[in-house]
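The structure appears right after this line, and notes come after that.
The values are calculated or read from the model by the stated rules, or taken from the named source; none is laboratory data. Quantities reported herein were computed from a predicted structural model and do not represent experimental measurements. Reconstructed Cβ throughout: ideal geometry from the backbone, glycine too, with neighbour counts over all protein chains shown.
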Amino acid sequence: MLPESPLTTIEGRLRYLLPSEMYVSMWGNPSVDVMIQVHDHLRTLQRILQDYTSKQIDIAALKPGDVKTDWKYGTMMFTDLAGFTKLMEANAAKGQEGAENLLKELTKYFSTMISIISKSGGELVEFTGDAMLVVFPKKEKKDDAQRAIRAGLRMQRAMKDFAEIQTPSGIVNLKMRIGVHSGKFLTAEIGTPRRMEHVLLGKDVQQAKHAEGAGMNERVNVSASAYELAQDDFRFEEGNPGYHLVIDDLSTEDLGDYEITPMGRRMASNVLFDKKNKKEVLNNIVEMLNSIEPLASYIPDPVLSLLVESAADRRIRPDFPSPTIMFVNFIGLPESADRALPGEERKLAVSFSKAFSLINAAVEARGGVLKKVTYHLSGSDIVIYFGVPNGHTNNEMRAASAAVAIREIVQNIKAPTIGNIQPDVYCQIGINMGPAFVAEIGEPRGRREFNVLGDTVNTAARLMNRAQKNQIVVSEQVKQAIEAKYECVSLGEIPLKGKSKPMSLYELVKQKSKN
């Protein structure tokens, strides 16, 4: 039994939020000094978790496990970085030194772009690899499209600092595409108290991705809705059908000053208390826990553990591991948001929440990490890692087992009727393995995220895109690793975006019978 201690009553809440050595130190009847160390650690962890979560999440009003929805209006920006794979490959041969060099360049890039976004009135909602989704909320002035376009022009001008990056293999050029679209989207908080997720639903989210995809490197491309709102404020030229490219012929004065002073989402933490009074220190620790737990529920357990153990340094070392990456495109429910009748949004979110929670449980049971649910050109992508941040010797087998379980979960979903239509719910799954770059990307003391990047990740997403309804597509390396236990059928040599020659792809059909 735990000896009498001021921390006994909250030990269960602390055990997952303290570094191992600190947890041992607080065991028993800790001194006031140890309790102060616990408090200070939690305050640091609180700030880290604030930086890891979108400001769209109303933490103050959120109870973990609550399913909440809200329609929001504004302009969305989607960015994509060209040249990262070459930058990664140029540094990979240098091992840890190369990882540090690569992180240095990425940190410079993201810090620059995030600063411009913040000062232009945008909110960075999420990272997707080296891409970003940004929202410029509609305000009283209704100038969200103009703010987004000005931010995009500032970002493209700032890219000149990344035009010629020196690497061990020569010069690498980074370029960026930016797409801008105005509309509405449904935000939903889904999941369980143990694992929550913030998702964006609706066709307008996909339109922002389409705007980026239809654009050009070094340009800002806008959809018809954004063009309509901003056509009198900028000069444009026609781009791909339905889109316009912004002409950047503005002087510095014409572009104007930044719209706002960046606002952080720092929660107040009472540090003015009697640090010699155990009861008062305990009360402050409890207050800190009350604010941390909702934030922590948005972080996968293995990533949360990594953040807890590294909180003192506030830094995670970059690395070049070889994980197994799975992408699941969850189709049917996300598209239903736009046809939801008043009051049906919650019904949709509850169904999505159950599906997400079951999928997450299937992934966790096999040692994987469900990193996030993100937007896609159709449906929502679910990004899953095996091998990072926790390492295993049989990541491909774990991924194959999880994929089969996820497919079964999706096939058994009883979708609710939304807008008088019962959606056809299904999935597409892609699995790949290989070298990747793992790091904490973003601003070192601002908005950032633990992430896995590289061609292995991009290829997994493209395998998912090649999959048919409820089909699991795997690369040849994955097939070789799992074929002893899983039936795989060749799909032939298939060309993929970004690949110089076709790849041998396979369908993972089912687990072999145990005869």
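Structural remarks
- Checked against the criterion of being without any contact (Cβ under 8 Å) to a residue 12 or more places away in the chain, outside the structural domain of GLU89 (by TED's automatic domain parsing) and more than 28 Å from SER31 (Cβ to Cβ), region 333-348 has at least one qualifying residue.
Residue-by-condition table, conditions (1) in a helix (DSSP H, G or I); (2) buried (at least 17 other Cβ atoms within 10 Å of the Cβ):
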| residue | (1), (2) |
| --- | --- |
| LEU18 | no, yes |
| GLU21 | yes, no |
| LEU45 | yes, yes |
| ILE48 | yes, yes |
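- Scan of region 375-409 for residues that are within 20 Å of the chain's Cα centre (by Cα), polar (S, T, N, Q) and surrounded by 22 or more Cβ atoms within 10 Å (Cβ to Cβ), ordered by number: SER380
- Residue that is at pLDDT below 95 and within 30 Å of ILE418 (Cα to Cα), where the choices are GLN206, GLN166: GLN206
- The listed residue being in a helix (DSSP H, G or I), within 27 Å of LEU304 (Cβ to Cβ) and not aliphatic (A, V, I, L, M), out of SER25, SER54: SER25
- Residue check, LEU49 touching a helix residue (DSSP H, G or I) at 6+ places or on another chain (Cβ under 9 Å) and closer than 26 Å to ASN101 by Cα: yes
- Scanning region 86-97 for residues that are assigned by TED's automatic domain parsing to the domain that holds ILE190 and in a strand (DSSP E or B) turns up nothing.
- Scanning region 282-305 for residues that are under 17 Å from ASP51 (Cβ atoms), in contact with a strand residue (DSSP E or B) (Cβ under 7 Å, 6 or more places away or on another chain) and part of a helix (DSSP H, G or I) yields a total of 1.
- Note on region 438-515: enclosed strands (runs of 3 or more DSSP E) holding 2 or more residues that are among the β-branched types (Val, Ile, Thr), outside the structural domain of GLU105 (by TED's automatic domain parsing) and surrounded by 21 or more Cβ atoms within 10 Å (Cβ to Cβ) are 471-475.
- Listed by first and then second residue, the pairs linking a residue in region 88-111 that is at positive phi to a residue that is part of a helix (DSSP H, G or I), with Cβ atoms under 7 Å apart and 6 or more places separating them unless they lie on different chains, form an empty list.
- Qualifying positions in region 124-179 - of a type in the set (Ser, Thr, Tyr) and touching a strand residue (DSSP E or B) at 6+ places or on another chain (Cβ under 8 Å): THR128
- Qualifying residue in region 103-121 (condition: outside any loop (DSSP other than H, G, I, E, B), in contact with a His (Cβ under 7 Å, 6 or more places away or on another chain) and modelled with pLDDT of 95 or more): no
- Evaluated against (1) farther than 20 Å from GLY332 by Cβ; (2) in contact with a helix residue (DSSP H, G or I) (Cβ under 6 Å, 6 or more places away or on another chain), GLY202 falls short on exactly one condition, (1).
- Counted residues, region 67-78 - those being of a type outside the set (Phe, Trp, Tyr) and crowded, with 21+ Cβ neighbours inside 10 Å: 5
- Region 121-147 residues that are over 16 Å from ILE57 (Cβ atoms), paired with ones that are surrounded by fewer than 23 Cβ atoms within 10 Å (Cβ to Cβ) and aromatic (Phe, Trp, Tyr) (beta carbon under 6 Å, 6 or more apart): LYS138/TYR73
- Once region 414-437 is narrowed to residues that are β-branched (Val, Ile, Thr) and in a loop (DSSP other than H, G, I, E, B), the residue that is modelled with the highest pLDDT is VAL425.
- Count of region 328-352 residues which are surrounded by fewer than 16 Cβ atoms within 10 Å (Cβ to Cβ) and on the phi > 0 side of the Ramachandran plot: 1
- Options ASP313, ASP301; residue that is surrounded by fewer than 18 Cβ atoms within 10 Å (Cβ to Cβ) and in contact (Cβ under 8 Å) with a residue 12 or more places away in the chain: ASP301
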